Amino acid sequence: MTTFRSTTAALLTGAAIAAFALPASAQSASEVDALRAQVKELLTRIEKLEKAPSTPAGPPASKDAPLVAADAFKAPQVTQSGNSRVKLTLSGQIGRVVSLVDDGFDSDLIHADNATASSRIRLAGQAKLDDQWTAGTDIELETSSASTRSTGIGTDSGAFSVNERKVEFWIQHKGLGRLWVGQGDTASNQTAEVDLSGTVTMLGYSDIGQAFGGVAFRNTRTRAASATVNTAFNNFDGLHREDRVRYDTPTFGGGLQLSTSVTEGGATDGAIRYNAKIGDTEVAAAVAYADNDSRTGFDTQSNGSVSVKFASGFNVTAAAGTRDLGPRNSDFWYGKVGYIAKLTPVGASSFSVDYYKQKDLTAAGADAEAIGAAYVQTVDAWATDLYVGVRNHSYDTPTADFKDVFGVVTGARVRF
């Protein structure tokens, strides 16, 4: 290596002498200056290489040694926007489950897409005007094959579907807030689902109908199918996602934010959110009111949720809501206790148990209850959440009794 460096230095030195000595008649002044600068830079680099210590050859690699370093598996950032002014981010996830369900008469093994952590793909664009103004876009599509919300015992998985979740743009000013336009979350969406337990996106949270939603309750006497889990439970979580105009204020008062939106069709809503850390304790909460403008389904509704996570990992969550259905009101209550710990080096382990009560949803006097438990193991290196959970659902009306629906689910969410 030293001989190579010395020979290279000698050759470049000769080239430098020739460049400096070359008559002006042979080259223009600008060409000579450029050549001199290049040679000088090369000579400087060679001098640094000569002074650097050589790296001794190590022992032969073990046959069990990896062929490439672990860092080589870090995903390259190759997404590029068609417009150089916009930063483009590609992300998404795969969410699949295998569940065993029993309706009191029959049982089935269901292979489905998790309705909460559904498989999806997202393209988000963002561009800055200055330190105050930012604009962005979101296109998020759900790619579902057999949703847990609609797949029941003995039912076919159905055709593969692609559904819009978000097709929107937004403009934000640090001091004025953010304005959203297009298909996306209304102001009241997810206000009944505030949850710091670590199990919310998999199984254990207030949207009871997502995990075993397609399974029907069976009449104890006639065996006839009645309401499904998805229709017997509803957490009144705002106006969901709609074509709307939405406005969010900047965060103020140590964690408060106000939101409102108007949807296609005239429905309106408003929400107050709070997110803060008080000492070592995390607190998150939301309340919302929605006027459905007498569209099909309901007239008005109110809902809210709160979750508190302590430094120990212990956490508690509660949610409640009421909906005006016209001839009657329906109410729900939800509570959960959980614990998050680092039991393994691969990632956080989250545990929870919860209880849900629904009144008068499908009919006056109808009662629905659910109790469940969930465990989620995060594997940071894989960007994956592995989970398993159980839930029992009961449902009765003033005129009929129904068998409980019991389910066990296991699955994974893999993010990219």
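Values for this structure:
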quantity: Extension gain, Val316 back to Asp33 (0.36 nm per residue minus Cα-Cα distance, nm); calculated: 94.6 nm
quantity: Sites Lys87 and Val337 - FRET efficiency at Förster radius 35 Å, r taken between beta-carbons, to 0.05; calculated: 0.30
quantity: Share antiparallel - DSSP beta bridges, the stretch 99-171, percent rounded to 5; calculated: 95
quantity: Rounded accessible area of Leu325 (nearest 10 Å², 1.4 Å probe); calculated: 40
quantity: Potential lengthening between Lys40 and Ala400 on full extension [0.36 nm per residue; Cα-Cα distance subtracted]; calculated: 120.2 nm
quantity: Distance in nm between pseudo-label sites at Asn392 and Leu100 (7 Å out along the Cβ direction from Cα); calculated: 1.7
quantity: Prolate/oblate/rounded label for the stretch 238-309 (Cα gyration tensor, a/c 1.5); calculated: prolate
quantity: Ile278 accessible area, 1.4 Å probe, all protein chains in place, Å² to nearest 10; calculated: 100
quantity: Thr143 versus Gln80: modelled label distance in nm, points set 7 Å from Cα along the beta carbon direction; calculated: 2.3
quantity: Heavy-atom accessible area ranking, 1.4 Å probe, most first, across Asp156, Asp102; calculated: Asp156, Asp102
quantity: Environment charge of Gly104, counting only residues whose C-beta is closer than 14 Å and scoring Lys/Arg +1, Asp/Glu -1; calculated: -3
quantity: Difference of contour (0.36 nm per residue) and Cα-Cα distance, Glu164 to Asp299; calculated: 46.1 nm
quantity: Efficiency of FRET from Cβ geometry, Asp131 and His111, R₀ 45 Å, rounded to 0.05; calculated: 0.35
quantity: Using θ = phi - 60° and Karplus 6.51 cos²θ - 1.76 cosθ + 1.60, couplings along the stretch 321-333 (whole Hz; Gly, Pro as x); calculated: x, 9, 10, 8, 8, x, x, 7, 10, 10, 10, 9, 9
quantity: Overall form of the stretch 118-172 per C-alpha gyration tensor (a/c, 1.5; a/b vs b/c); calculated: prolate
quantity: Sulfur and carbon atoms: percent of accessible area, the stretch 344-401 [1.4 Å]; calculated: 66
quantity: Cβ crowding within 10 Å averaged over residues, with 190-196, 127-133, 166-172 ranked highest first; calculated: 190-196, 166-172, 127-133
quantity: Three-way shape label, the stretch 151-307, alpha-carbon gyration tensor, a/c 1.5; calculated: prolate
quantity: Solvent-accessible area per residue, Å², over the stretch 186-330 with all protein chains present [probe radius 1.4 Å]; calculated: 41
quantity: Local net charge near Thr191, Cβ-Cβ under 11 Å (Lys/Arg +1, Asp/Glu -1); calculated: -3
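The values are calculated or read from the model by the stated rules, or taken from the named source; none is laboratory data. All of these numbers come straight from a predicted model, not from anything done at the bench. Cβ coordinates were reconstructed from backbone atoms using ideal geometry, including for glycine residues, and neighbour counts include every protein chain displayed. These area figures cover heavy atoms from the full protein model, side chains too; ligands, DNA and RNA do not enter into them. Shrake-Rupley method; radii C 1.70, N 1.55, O 1.52, S 1.80 Å.
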